[in-house]
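Every number here is computed from the coordinates shown, using simple stated rules; none is lab data. The model shown is predicted, which means the values in this text are computed figures rather than measured ones. Cβ coordinates were reconstructed from backbone atoms using ideal geometry, including for glycine residues, and neighbour counts include every protein chain displayed.
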């Protein structure tokens, strides 16, 4: 026996089913729009993430080459002294914004780019090579944060699309068809009940007329 055959075939149940169907169909439409909007956002974010990765790879190779050159010309001690002279550590501030109900993070690196005089090491004790290397490392940190943000957003959107698609499929192939079947069953049972009620009233009326005719005779 199907589950919907256990539903009471009442007018109230019929109205309730129609409201549920209307609500489910609206939810289905909204969720499909959400999937479309998130897919557009995902395509854009993937494109930005790929560009950020290419830029990061290019910058990393440049930093690696300049670091090797600095070690060779300035020595390990000189490079380490300049690196450990930084007084303020970088900080990452995060904010979120909503895209179709999904909260997307936005990262803001702070205290990364510093003026030349605020890097902590003495200018007279270092060369322009160290200054250039420090600038490259600052840019590298910013690019790493940007790349991490894009990767995180991409994964969040992809997961939300998958979850929303499952809900759309559940509504389209399970919930709405079951509600429609239940409504059809209730309407069919209501028709049967009304026919039975009509037949009962017809027989009662006929029996009453026969009784009245017999009494008149």
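Values computed for the structure shown
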quantity	calculated
In degrees, nearest ten, helix 176-216 long axis to first principal axis of the chain (Cα)	10
With Cα atoms, 0 to 90° folded angle of helix 11-83 axis to the chain main axis	10
Label-point separation, residue 46 to residue 97 (7 Å along Cα→Cβ), nm	2.2
Between 0 and 90°, nearest 10: helix 128-170 axis offset from the chain longest Cα axis	10
Extension gain (nm, one decimal) between residue 21 and residue 68, 0.36 nm per residue minus Cα-Cα	10.1 nm
Calculated FRET value between residue 128 and residue 163, using beta carbons and R₀ = 41 Å, to 0.05	0.20
Cα Rg, Dmax, the range 140-191, angstrom units	21.9, 74
Ordering of 138-145, 191-198, 159-166 by burial proxy (mean other Cβ atoms within 10 Å per residue, highest first)	138-145, 159-166, 191-198
Extension gain from residue 33 to residue 53, taking 0.36 nm per residue of separation minus the Cα-Cα distance	4.2 nm
Choice from 29, 207, 58 showing the highest fluctuation, given a GNM over the chain with Cα pairs closer than 10 Å	207
Residue among 27, 51, 128 with the largest mean-square fluctuation in a Gaussian network model of the chain, springs linking Cα atoms under 10 Å	128
Whole-number D in µm² s⁻¹ for the chain, Kirkwood Cα-pair radius fed into Stokes-Einstein, 10 °C, 1.306 mPa s	65
